[in-house]
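See below for the structure under consideration.
The values are calculated or read from the model by the stated rules, or taken from the named source; none is laboratory data. All of these numbers come straight from a predicted model, not from anything done at the bench. All Cβ positions, glycine included, derive from the backbone under ideal geometry; neighbour counts span all protein chains shown. Just so you know, the surface numbers come from the protein's heavy atoms only, side chains and all, with ligands and any DNA or RNA stripped out. Shrake-Rupley method; radii C 1.70, N 1.55, O 1.52, S 1.80 Å.
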Amino acid sequence: MIEAARLDFAELVIDAEQRIHGHVRETPLERSNFLSQLTGADVYLKLESSQITGSFKLRGAMNKMLALSEKERANGVLTASSGNHGTACAYLMNYFKIPGTIFLPESVSPAKLEAIQSFGPDTELVPGDGIEAEKRARNLAASRGQVYVSPYNDPLIIGGQGTIGIELQRQTENIDVILVPVGGGGLVAGVGSYLKSRDRKVEIIGCQPENSRVMYESIQAGEIIDMESKRTLSDGTAGGIDHDSITFDACRNVISDWALLSEQEIAAAILVTLERQHLMVEGASALTIAALMQNPQRFAGQTIVLLLTGSKLGLETLRNLLAATDHN
């Protein structure tokens, strides 16, 4: 078990930047005129939805895979994912010719399952939510002596995701607030810890769906708790958290406020982003848009960054959202 208190997440991010530079895309940071006018703020969108494989997850997975020894690669890896981490790992397993299996919850979106399988890895669907898939992969990896590639509970994964923070510093100055989707907490632990190490005043807002707010409720309780997750459009942040997760303390330290979003708010944000920004984003990406729209007045006069974390919105999901809008 890793002792989270001994980890310097900001240094992990700097190490990751040196390792993965040139292997991942530096994604654009674009000002949103629509959201800036809505809030009276300068609102910027960090388009990780345009990252290779369609989400920020490639950063952490790349950092982990590049750090493996030749023996570890040859022996194979196991991982678990609700979709985007699995797609990143599948892409890298194909690229580096690493054997292995990706375990997914049975509820995985068809769009994400298809993306994963297009790279040719072995896949296995596991009943229950993402935490059950993680348990299955982690236990098998331990029994077989293979590397388990966690979606979030790994210093190398967190360091890789945090490289977004280094890019943001290159792309803009004086960020007042950054809104970050939160599932297992790897993204916000990395990005938040790095940005806070450079400017303690930056405010980090964690965004979760009301239907799966495990990290939020855990922080309120002062410990990681088990709770049922309902189905949510934000499938990329859904599910439980490892009880030994190193992200818990980091989230408690860097997140200063939370936004919990209803399914209606997430759906509206997906459609607004498509209509006004001409960007296709999945539910987890839309959390930050929804959070901004939930309380636009509080951001007036500030420089705001929204992380748009992934692009894999299934066609059937989009049809359903549009149909629901037509009926209202």
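To keep it simple, each residue is scored yes or no on (1) at positive phi; (2) out of contact with any Phe, Trp or Tyr (no Cβ under 6 Å at 6 or more places or on another chain); (3) open to solvent by 10 Å² or more (accessible area, probe 1.4 Å).
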position: T288; (1), (2), (3): no, yes, no
position: M293; (1), (2), (3): no, yes, yes
position: Q297; (1), (2), (3): no, yes, yes
position: V305; (1), (2), (3): no, no, no
position: L308; (1), (2), (3): no, yes, no
position: L318; (1), (2), (3): no, yes, yes
position: L322; (1), (2), (3): no, yes, yes
position: T325; (1), (2), (3): no, yes, yes
Just for strands (runs of 3 or more DSSP E) wholly inside region 147-222: which have at least 1 residues that are among the acidic types (D, E)?
203-209
In region 128-140, what count of residues is obtained for those that are buried (at least 22 other Cβ atoms within 10 Å of the Cβ) and aliphatic (A, V, I, L, M)?
2
Where residues in region 225-254 are open to solvent by 20 Å² or more (accessible area, probe 1.4 Å) and β-branched (V, I, T), which of them is nearest to E282 (Cα to Cα)?
T232
Tell me, yes or no, whether region 160-172 has at least one residue that is over 29 Å from L261 (Cβ atoms), surrounded by fewer than 22 Cβ atoms within 10 Å (Cβ to Cβ) and over 19 Å from the mean Cα position of the chain (by Cα).
yes
Residue list for region 217-251, restricted to those being at pLDDT 95 or above and out of contact with any helix residue (DSSP H, G or I) (no Cβ under 9 Å at 6 or more places or on another chain)
E217, Q220, A221
Among the residues of region 50-77, count how many are surrounded by 24 or more Cβ atoms within 10 Å (Cβ to Cβ) and either among the β-branched types (V, I, T) or farther than 20 Å from R19 by Cα (or both).
3
Looking at this structure, is L260 assigned to a helix (DSSP H, G or I) and either without any contact (Cβ under 8 Å) to a residue 24 or more places away in the chain or not hydroxyl-bearing (S, T, Y) (or both)?
no
Determine which single condition L125 fails, assuming it passes every other condition in (1) open to solvent by less than 30 Å² (accessible area, probe 1.4 Å); (2) within 21 Å of the chain's Cα centre (by Cα); (3) farther than 24 Å from I20 by Cα.
(1)
Lone unmet requirement of (1) in contact with an Asp or Glu (Cβ under 6 Å, 6 or more places away or on another chain); (2) under 30 Å from N253 (Cβ atoms) for L125
(2)
List the residue pairs whose Cβ atoms are under 7 Å apart, where the first residue sits in region 214-235 and is more than 19 Å from G128 (Cβ to Cβ), the second is surrounded by 15 or more Cβ atoms within 10 Å (Cβ to Cβ) and aromatic (F, W, Y), and the two are 6 or more positions apart or on different chains.
Y216/W258
